[in-house]
Amino acid sequence: MWEHERLVVRTGKRSGMTTMVAVHSSAAGPAVGGTRMKEYAAITDAVTDVLRLSKAMTLKCEAAGIPHGGAKSVIVVDREITPELRRAVLLDHADLINEFGGAYRAGPDVGTGPDDMAVLRELTPHAYCLPEEQGGTGSSSGPTARGVLAALKAASRHTFGTSDLTGRKVVISGFGSVGELIARGLAGADVTVSDVDGSRRTAEFGWVDPDQAYRTRADVLVPAAVGGVLSPETVEHLDVKLVVGPANNQLTDDGVAGLLRDRGIVWVPDHVASAGGVIYTLAREDDGADHETALKRVDGIEATVDRLLRTRQRNGGSAPAEVSNMGI
């Protein structure tokens, strides 16, 4: 059952494409969340996605101690996107963002980036992560990856007795901008990567086909691509001790967290591990923090995960997945 404050779906007057915004909660402050641009089999799939993602943003902000609620927006790709059409639909989306009067503030997500945020800013002030040369913080990939690495330190210490992953086998499913930065940050680990884009394959790391990424024996699995990858069937075939990654909405349903626990697999909720991007962006663009100060806030994810896992341990492994107010 969905418990959201508002969902608005529009057909853009310039592009004729569907764009939507879901605000899950603004109780803690204006809702923030990225703009996702992708194809969907049906509009109902896009609506389900935007609702799930917006709820995850509320959890992410709560876990990070950020005074914002959660939201998300989706632009549904239903044809070939030319530069002219891309600009048109982004301007349509800016119109929709303005309907919320500042209650929703957008950033980049899958399929969008800083240049797209600059187009939104032409019509709305409620867009983060413009290119650095335009006064924004640019891509959030770096802080997101840094936050995942901080989460891995705490989770590895809890699982293996040390934060040092030297010699441990790590499988990263999704070798995009964030996945690659995580791989490069795991100095000394035996890293294997996977991606649906075979051109991402590199001799620098091991490679496994995407359909085998969740069946490969390893110490650590890092989901770094799409969500909905941890299902009862997938968990049955996992041969890892630890799962930590930036992919949003990794579980197909909340009950999968219990299945992971029953198999002795430590899982760090994605809304905790992936919070580095939003922590950094809001520190810089809302609070006026400098780069190093913002990065220190991102590094606080390590302490948050440590407290989360200690709480679970005290509760016999039964702490809920939807952890809030962990206090970065």
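The values are calculated or read from the model by the stated rules, or taken from the named source; none is laboratory data. As the structure is a computational prediction, the values presented were derived from the model and not from experiment. Here Cβ is always computed from backbone atoms with ideal geometry, including for glycine, and neighbour counts include all displayed protein chains.
Table for the structure above
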read-out	value
Arg121 vs. criteria of a type in the set (Lys, Arg) and either within 20 Å of Gly276 (Cα to Cα) or outside the structural domain of Ile81 (by TED's automatic domain parsing) (or both)	no
Single residue of Asp195, Asp219, Asp290 found to be at negative phi and surrounded by fewer than 18 Cβ atoms within 10 Å (Cβ to Cβ)	Asp290
Lone qualifier among Ala94, Ala106 - being of a type in the set (A, V, I, L, M) and part of a strand (DSSP E or B)	Ala106
Any chance Leu51 is hydrophobic (A, V, I, L, M, F, W, C), part of a helix (DSSP H, G or I) and surrounded by fewer than 20 Cβ atoms within 10 Å (Cβ to Cβ)	yes
Which numbered condition Met326 misses (of (1) modelled with pLDDT of 95 or more; (2) surrounded by fewer than 22 Cβ atoms within 10 Å (Cβ to Cβ); (3) under 19 Å from Gly69 (Cβ atoms); (4) in contact with a helix residue (DSSP H, G or I) (Cβ under 6 Å, 6 or more places away or on another chain))	(1)
Qualifying position, being at pLDDT below 95 and crowded, with 17+ Cβ neighbours inside 10 Å, among Ala64, Ala103, Ala88, Ala94	Ala64
Wholly within region 138-255, strands (runs of 3 or more DSSP E) carrying at least 1 residues that are touching a Leu at 6+ places or on another chain (Cβ under 7 Å)	169-173, 220-223
Boolean, Leu7 is assigned to a helix (DSSP H, G or I), of a type outside the set (Ser, Thr, Tyr) and either outside the structural domain of Ala273 (by TED's automatic domain parsing) or touching a residue at least 40 places away in the same chain (Cβ under 8 Å) (or both)	no
